[in-house]
Amino acid sequence: MTNKIAKRSLRILVAGGGVAGQALAFWLTRGGHEATVVERFPALRASGAQVDLRGQGIDAVARMGLLEEVRGQLVDEAGVAFIDSRGKPKATIMANTSGKGRQTLTSEYEIMRGDLVRILHEATKGDAEYVFGKSVDGFDQDADRVTAHFSDGTSGDFDLLIGADGQGSRIRRALLPEGFDPYWRVGIHMAYWFVPRIASDTNIRDTYMVPGGRQIMRRSHNATETQAYFVLREDSAEASAIHRAPVGEQQKFWAGRFRDAGWQTERFIEGMKDSPFFYSQEVVQVRSDSWSRGRVVLAGDAAHCASPYSGMGISGGLAGAYVLAGEINRAPDDLPAALANYERVLRPFVDEIQGEVNPRILRVGMPLTKHAISAFQNATALACFLRIPDLVARLSKEDRGGDWQLPAYADAA
């Protein structure tokens, strides 16, 4: 680790101990600041589904000096197969492992979210303070400080509060104007959980399309566990509300929508009951004209969630944390300038990764009829036969996020 830069040390509170929150702790403590991370879960939330690193996210991890640790935890996912109801592949797109161009549907850097969280925690727990089982329920601020009000009834004064508390951010709700809706919806919903692995589960991700705008994905990340995903194209109040219901009601909803889907649906529905976790969400982007007000600023999904279909959620959070901490470290005596520069530098990148999510293309990938499913599979099979996905990936000049590059900061490796 490099020597900490000799500038004013700030007391900074980070709300949220996920990927973006811990990446912020890493860079802020390297800048000589006193970083406290509060996480509402009672312990490190080292769970969740498979995530990927691409482009600028890989660069951010490399600058942290953690790329070898990440490589040691990668999931062996060789590609993505589009299958029929018997599980037979109709088309398969392999990962681009050439080290050049663009990643395909599966990345060269696939990792379980929990493993990435543990790597970041090991790298930061000696320098940052972590407080679990506590959340920021509100805040007050003036020109000199921000006072955070915690869920246990206590309060604390800080120089800066960073909301890295995810897609449903409480900090964002308090920061933005009342009634402002930050969500850009695409009419797609998703649930995922773990089931026991069986012999037929390979290192190729299976994607099974079902009439009615439904999709089932299966991917296996270790010798004993397989991830099951149900994805639903539905624009209804019931679908949008189910994600806030108790888990039992969520599972009933998803089982009801998919019970007639065929393939291994019954296996996956049965496995819901004993899964170590179950997560249901609406696929959205978070969009707002400003990410800060006074001494409060948003980061990661709380500021600019790009949605799972961008392939850049984790990479965007890592890049954003790097830029926010870099600008704070560069100008700790002028926070208004630091936060303004954070938005100026990062906004083009966020616009790029959010703009890559095209609802029309998503709908093509979630056909409503058997005929449309066959047409999609046949077109994909022809493209794979002609090696078009492989050639496009290898010959692309940049990955997702365009030609935007991480800026250089004095405290970065």
Note: among 189, 243, just one is open to solvent by less than 10 Å² (accessible area, probe 1.4 Å), farther than 21 Å from residue 87 by Cβ and of a type outside the set (A, V, I, L, M), namely 189
When the stretch 1-26 is checked residue by residue, the ones that are β-branched (Val, Ile, Thr) and modelled with pLDDT of 95 or more are 12, 14, 19
Counting only residues in the stretch 12-23 that are touching a Ser or Thr at 6+ places or on another chain (Cβ under 9 Å) and outside any loop (DSSP other than H, G, I, E, B), the one surrounded by the fewest Cβ atoms within 10 Å (Cβ to Cβ) is identified as 13
Scanning the stretch 147-166 residue by residue, those under 24 Å from residue 338 (Cβ atoms) and without any contact (Cβ under 8 Å) to a residue 12 or more places away in the chain turn out to be 147
Per the list (1) of a type outside the set (Val, Ile, Thr); (2) surrounded by fewer than 19 Cβ atoms within 10 Å (Cβ to Cβ); (3) over 27 Å from the mean Cα position of the chain (by Cα), residue check on residue 332 breaks on (2)
Within the stretch 252-269, the residues that are within 14 Å of residue 191 (Cα to Cα) and either open to solvent by 40 Å² or more (accessible area, probe 1.4 Å) or among the charged types (D, E, K, R) (or both) are 252, 256, 257
By my count, helices (runs of 4 or more DSSP H) wholly in the stretch 307-392 with at least 2 residues that are more than 27 Å from residue 216 (Cβ to Cβ) are 313-330, 335-355
Pairs returned, first residue in the stretch 326-337 that is within 12 Å of residue 295 (Cα to Cα), second residue that is among the small types (Gly, Ala, Ser) and surrounded by 14 or more Cβ atoms within 10 Å (Cβ to Cβ), beta-carbon separation under 6 angstrom, 6 or more apart or interchain, are 328/338; 337/331
In the stretch 180-201, residues that are among the aromatic types (Phe, Trp, Tyr) and either more than 21 Å from residue 279 (Cβ to Cβ) or part of a loop (DSSP other than H, G, I, E, B) (or both) total 1
Expected output for the stretch 65-82 (first residue under 13 Å from residue 118 (Cα atoms) and surrounded by 19 or more Cβ atoms within 10 Å (Cβ to Cβ), partner at pLDDT below 90 and of a type outside the set (D, E, K, R), Cβ below 7 Å, 6+ apart or cross-chain) is 70/109
Reported set for the stretch 207-224 where residues are among the charged types (D, E, K, R) and surrounded by fewer than 23 Cβ atoms within 10 Å (Cβ to Cβ) is 214
Restricting the stretch 355-404 to residues that are under 18 Å from residue 107 (Cα atoms) and in contact with a Phe, Trp or Tyr (Cβ under 8 Å, 6 or more places away or on another chain), the one modelled with the lowest pLDDT turns out to be 401
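Can you confirm whether residue 118 is open to solvent by 30 Å² or more (accessible area, probe 1.4 Å), out of contact with any helix residue (DSSP H, G or I) (no Cβ under 8 Å at 6 or more places or on another chain) and modelled with pLDDT under 95?
So residue 118 does not fit the description; no.
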Among residues of the stretch 158-186 being among the acidic types (Asp, Glu) and either open to solvent by less than 70 Å² (accessible area, probe 1.4 Å) or in contact with an Asp or Glu (Cβ under 7 Å, 6 or more places away or on another chain) (or both), the residue nearest to residue 235 (Cα to Cα) is 165
Scanning the stretch 164-179 residue by residue, those in a helix (DSSP H, G or I) and small (Gly, Ala, Ser) turn out to be 174
Picking from 127, 144, the residue that is in contact (Cβ under 8 Å) with a residue 40 or more places away in the chain, open to solvent by 50 Å² or more (accessible area, probe 1.4 Å) and either assigned to a loop (DSSP other than H, G, I, E, B) or in contact with a helix residue (DSSP H, G or I) (Cβ under 6 Å, 6 or more places away or on another chain) (or both) would be 127
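The values are calculated or read from the model by the stated rules, or taken from the named source; none is laboratory data. Small disclaimer: the values here were computed from a predicted structure and weren't measured. Backbone-built Cβ (ideal geometry, glycine too); neighbour counts: all protein chains shown. For accessibility, only protein heavy atoms count, side chains too; no ligands or nucleic acids. Shrake-Rupley method; radii C 1.70, N 1.55, O 1.52, S 1.80 Å.
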